[in-house]
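Take a look at the structure below.
The values are calculated or read from the model by the stated rules, or taken from the named source; none is laboratory data. Nothing here was measured: the structure is a model prediction, and the numbers come from that model. Every residue, glycine among them, receives a Cβ derived from its backbone with ideal geometry; neighbour counts consider all protein chains shown.
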Amino acid sequence: MTMQPGDELAGVERTVTQAQVEAYADAAGDHNPIHLDAEFAAKTPFGRRIAHGMLTLAMVSEMLTSAYPDNWASGGRLKVRFRAPVFPGETVHVSGEVKKVTDTGGVQTTEITVNVKKDDGEDVITGQAFVQIN
């Protein structure tokens, strides 16, 4: 299926848990106390533990993999900005909208605006994804 500008990708909604943060820390080898130690995190500007940014970004990849199962892993790239932390217990909503489709030499590139928001509408991640389809 070829998507056109204005088409929306099927979104992803997830509630981030402390157990997920701990599992991600083990998988990634990132045991920064801001993610794991409540006492340490309470003394930071955030005031509590935060999820890894890459854990949240993985949800964007999940959405893109669903939309482009054969092409995201082999021809996808992201350009994003992290805007706000996600705290365990918060729900995030991942969305994507096709902005542009170009064809160069038989290779189609789809540009998608991606966004992760909290329940209150605060942006967590904003940016673009690019998927090449041969």
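Tabulated data
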read-out: Selection count, the stretch 39-60, where residues are outside any loop (DSSP other than H, G, I, E, B) and of a type outside the set (S, T, Y); value: 11
read-out: Matching option when the condition is modelled with pLDDT under 95, within 24 Å of P5 (Cβ to Cβ) and surrounded by fewer than 17 Cβ atoms within 10 Å (Cβ to Cβ), among Q132, Q128; value: Q132
read-out: Residues satisfying the stated conditions in the stretch 14-42, i.e. under 22 Å from V60 (Cα atoms) and without any contact (Cβ under 8 Å) to a residue 12 or more places away in the chain; value: A19, A23, D26, A27, G29
read-out: Test: residue in the stretch 61-74 that is among the acidic types (D, E), in a helix (DSSP H, G or I) and closer than 30 Å to G6 by Cβ; value: yes
read-out: Residues satisfying the stated conditions in the stretch 29-38, i.e. small (G, A, S) and either under 14 Å from V114 (Cα atoms) or not in a loop (DSSP other than H, G, I, E, B) (or both); value: A38
read-out: Hits in the stretch 17-63 (condition: of a type in the set (A, V, I, L, M, F, W, C), touching a Leu at 6+ places or on another chain (Cβ under 8 Å) and buried (at least 19 other Cβ atoms within 10 Å of the Cβ)); value: V21, L57, V60, M63
read-out: Residue identified as under 13 Å from G11 (Cα atoms), out of contact with any Phe, Trp or Tyr (no Cβ under 7 Å at 6 or more places or on another chain) and surrounded by fewer than 16 Cβ atoms within 10 Å (Cβ to Cβ) among S66, S95, S74; value: S66
read-out: Qualifying residue in the stretch 13-23 (condition: under 30 Å from V107 (Cα atoms), among the acidic types (D, E) and within 15 Å of the chain's Cα centre (by Cα)); value: no
read-out: Any strands (runs of 3 or more DSSP E) falling wholly within the stretch 80-134 and containing at least 2 residues that are touching a residue at least 60 places away in the same chain (Cβ under 8 Å) and charged (D, E, K, R); value: 91-104
